[in-house]
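The values are calculated or read from the model by the stated rules, or taken from the named source; none is laboratory data. Bear in mind the structure is a predicted one, so any value in this text is a computation, not a measurement. Please note: Cβ atoms are built from the backbone with ideal geometry, for glycine as well, and neighbour counts cover all protein chains shown. Calculation scope for accessible area: heavy atoms of the full protein, side chains included, ligands and nucleic acids excluded. Shrake-Rupley method; radii C 1.70, N 1.55, O 1.52, S 1.80 Å.
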Amino acid sequence: MIKITLPDGSVREVETGTTAAQIAADIGPGLAKAALAARIDGEVRDIMRPLDVDTQLALITSRDEEEALELARHDFAHVLAEAVQKLYPGTQITFGPSTDDGFYYDFAPSGDPFTDDDLPKIEEEMRRIIKADKPLRREVWERNDLIKLWEKDGETFKAEWAAELPEGDEISVYWSGDDWMDMCRGPHLPSTGKLDPQAFQLTRVSGAYWRGDQRNPQLSRIYGTGWLNKKQLKAHLVRLEEAAKRDHRKLGQEMDLFHFQPEAQGSVFWHSQGYVMWRELEAYMRRKQDGADYKEVKTPQIMDARQWEASGHWGKYRENMFVVPDEVPSVDDDAPVISADADMMALKPMNCPAHVLIFRQGIKSYRDLPMRMAEFGCCHRNEPHGALHGLLRVRQFTQDDAHIFCREDQIVDEVRHFCDLLDGIYKDLGFESYAIKLALRPEKRFGTEEMWDKAEQNLRDAVHEAGRAGEEYQWEELPGEGAFYSPKLEFHLTDAIGRTWQCGTIQLDYVLPERLDASYIGEDGARHRPVMLHRAILGTFERFLGIMIEHHAGRMPTWLAPTQAVVATIVTDANDYASEVTEKLKAAGIRVSPDLRNEKINYKVREHSLAKVPNILVVGMREAEEGKVALRKLGQKEQLFLTLDEAVALLQDEALAPDLKETTA
RNA sequence: GCUGCUGUAGCUCAGUGGUAGAGCGCGUCAUUGGUAAUGACGAGGCCGGGAGUUCAAUUCUCCCUAGCAGCACCA
């Protein structure tokens, strides 16, 4: 007999080998039906797994949503694999986990990879397996027996996987009925019938490398989204639609903000409406950085390759650099355009080496430190074609870059100072929550182990001292994620629909000052090596504006809105007055345009609302006679009747950038 | 870079082995209308580029190119 303690504290004595399912049945038929799995001493286990020692037991039902979803998605993945092997004999199975919204499974097809056209048939087969309510049975195998089985079945990927598990280990497999089996740690639901056949959808196919490594064979991955019931699935599909509506690429076209075209793939053509947003954001950042004692500089776009060799970029990063020959191209049709021994230059992929060159001009004293050198630096990186994505991943971009040259004993203060600056800016820009991560040394790196130890510890200390190493910043350390020359702090924003974006970063670098021989004269009269903090808050203007557009779903706060107000007439007799209103708003610094077209007011309101103009000032004869305007705010039906002066004052205040508002308040 | 899908009017998309169609937008005319689409008429296309099959290719095949989704990459 063993003792089972339930969540309410009650204890039951049962036979050794009793399952959680039997206990559930004992408690009541309702629970027996609802129970999906068991939490045994804190760990989720199969409900059919026999209990053989005294345990704390809690039964998991669909009310324990997080665990239930995880179980269901994992089971969907197995059902997917079973269905695929049934429909496409000879397909090898590999690996199929749950994801944030569903599941996937990677297959090695015997012929061509799967396509979208295969999905409906597979879904149908999955539903059949679910409806058959096949029991899912756990079985323990000895490792070598299992490897032999996989090899016999031609499952080479599974065999490889099993062979890497420790020798002599017992490995669990799960049977679906008696005719299909996969190696799996579990846990699983008791049977396929616990899944809702209407709660999943196969969404897409893609290629994926075996074990995530480009050098390995490419497998065919099938993705699905999976939920506990149809309602959840539907809600998720609606969320996807909402997210698609705020896609910055779509809004960028609709709002006439920017475009891309093949002649400059991965580089943005900013239209005037979009560039207004850029200019406002840049002006704001410039005010904030000037206020924080940064000194702004501007450095060359193209530098000699030897400079990039010295900085180390030529060796490690050349494949991503745009290289330019320093030579007049040949005009002779038969000759190569560029000779083989041309001197090479490169477009800067980053600003730091140029900033070190400025630092090195003249002799620097310890009194000059910390020196905060900022640049809105335009960089080029030759990103792989498949990586490009709207404004979020581009080949030409402008960073809000700065490098802080300082002494080691100033690092913690400078990092803390930076955290405060960043915090204020994110809040000003409408992002209330963000996470902080410390990315530790990568495999490919410069510098000594001691240097990395020191650099990592400094950043860790700074965040702790800034009081930001806590839960509210989801503080964590990420091994292997650092830059090749330094560890870095990463700042991840959360947007309006809960997605996260890494924007801000600060990196502590001992390597580059050494390589490029930067030094200052200390109090002791000797030469010393400064450390260099690389930092950005927005990251790049392109990407950050993309994130802002999605965050606000195109309805930008008035200070950033390309057009802040439209003056729309109801009848042409009000045109003169509308022009007067427009002029007055313009004189007050508002970005306003008149709409005097011979169209109905309904049409104009609709059009400017769709264009996401935050203020529509409607004027007809009534307003013209009384010297008033009817102000309609975007998204609201009610309107304000204001005198012209009141309207000017209101819009002027609304159009102030957040930092300017603070000082006037 | 890898896998799959896609490329037709300014935009969103139909369609066909015999060189094209809708809605919106645009232009002209009429309409002067109080808060999310007034009506009529009209102008727009080398059907992404190249090669092949065919009497004939926007349509079928191959290559290239760009975009999209994912993978890998992101100093």
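Things to note:
- If only residues of the stretch A:539-575 that are open to solvent by 30 Å² or more (accessible area, probe 1.4 Å) and β-branched (Val, Ile, Thr) are counted, the one that is nearest to the chain's Cα centre (by Cα) is A:Ile570.
- Once the stretch A:626-647 is narrowed to residues that are over 42 Å from the mean Cα position of the chain (by Cα) and assigned to a helix (DSSP H, G or I), the residue that is farthest from RNA strand B (Cβ to nearest atom) is A:Asp645.
- Per the conditions (1) among the basic types (Lys, Arg); (2) free of Cβ contacts under 8 Å to residues at least 60 places away in the same chain; (3) over 24 Å from A:Pro113 (Cβ atoms); (4) within 12 Å of RNA strand B (Cβ to nearest atom), the sole criterion not satisfied by A:Lys152 is (4).
- Failed condition for A:Asn351, given (1) within 12 Å of RNA strand B (Cβ to nearest atom); (2) modelled with pLDDT under 95: (2)
- Filter pass, A:Ile549 being touching a helix residue (DSSP H, G or I) at 6+ places or on another chain (Cβ under 7 Å), in a helix (DSSP H, G or I), away from RNA strand B (no atom under 13 Å from the Cβ) and closer than 30 Å to A:Val268 by Cα: yes
- In the stretch A:266-280, the residues that are in a loop (DSSP other than H, G, I, E, B) reach residues that are within 12 Å of RNA strand B (Cβ to nearest atom) and open to solvent by 60 Å² or more (accessible area, probe 1.4 Å) with C-beta atoms within less than 6 angstrom, at least six apart or across chains, in these pairs: A:Ser267/A:Gln396; A:His271/A:Asp256.
- Exclusive hit being within 16 Å of RNA strand B (Cβ to nearest atom) and over 30 Å from A:Ala657 (Cα atoms), set A:Arg407, A:Arg460, A:Arg445: A:Arg445
- Among residues of the stretch A:614-625 being touching a residue at least 12 places away in the same chain (Cβ under 8 Å) and open to solvent by 10 Å² or more (accessible area, probe 1.4 Å), the one that is farthest from RNA strand B (Cβ to nearest atom) is A:Pro614.
- Residue within the stretch A:394-412 that is at pLDDT 95 or above, surrounded by fewer than 22 Cβ atoms within 10 Å (Cβ to Cβ), under 22 Å from A:Gly467 (Cβ atoms) and out of contact with any strand residue (DSSP E or B) (no Cβ under 7 Å at 6 or more places or on another chain) present: yes
- Restricting the stretch A:255-306 to residues that are among the acidic types (Asp, Glu) and surrounded by 13 or more Cβ atoms within 10 Å (Cβ to Cβ), the residue that is farthest from A:Gly424 (Cα to Cα): A:Asp304
- Number of positions in the stretch A:559-575 that are touching a Leu at 6+ places or on another chain (Cβ under 8 Å), closer than 23 Å to A:Gly430 by Cα and within 16 Å of RNA strand B (Cβ to nearest atom): 1
- Filter result (more than 9 Å from RNA strand B (Cβ to nearest atom), assigned to a helix (DSSP H, G or I), open to solvent by less than 80 Å² (accessible area, probe 1.4 Å) and touching a Leu at 6+ places or on another chain (Cβ under 7 Å)) within the stretch A:576-613: A:Ala578, A:Val581, A:Leu585
- Residues of the stretch A:501-517 satisfying the condition of being surrounded by fewer than 22 Cβ atoms within 10 Å (Cβ to Cβ) and touching a His at 6+ places or on another chain (Cβ under 9 Å): A:Trp501, A:Gln502, A:Thr505
- Scanning the stretch A:510-536 for residues that are of a type in the set (D, E, K, R) and touching a residue at least 60 places away in the same chain (Cβ under 8 Å) gives A:Arg515, A:Asp517, A:Glu523, A:Arg535.
- Criterion (of a type in the set (Phe, Trp, Tyr) and either closer than 30 Å to A:Arg286 by Cβ or touching a residue at least 40 places away in the same chain (Cβ under 8 Å) (or both)) met by exactly one of A:Tyr577, A:Tyr603: A:Tyr577
- Considering the stretch A:161-224, the qualifying strands (runs of 3 or more DSSP E), each wholly inside and each with 1 or more residues that are away from RNA strand B (no atom under 16 Å from the Cβ) and within 24 Å of A:Trp150 (Cβ to Cβ), run over A:170-176, A:180-183.
- Selected residue (criterion: farthest from A:Thr500 (Cα to Cα)) from residues of the stretch A:429-444 that are buried (at least 17 other Cβ atoms within 10 Å of the Cβ) and of a type outside the set (A, V, I, L, M, F, W, C): A:Arg441
- Options A:Ala235, A:Ala243: the member that is free of Cβ contacts under 8 Å to residues at least 40 places away in the same chain, out of contact with any helix residue (DSSP H, G or I) (no Cβ under 6 Å at 6 or more places or on another chain) and under 23 Å from A:Ala553 (Cα atoms): A:Ala235
- Of residues in the stretch A:459-486 being of a type in the set (A, V, I, L, M, F, W, C) and under 19 Å from the mean Cα position of the chain (by Cα), the one least open to solvent (accessible area, probe 1.4 Å): A:Ala483
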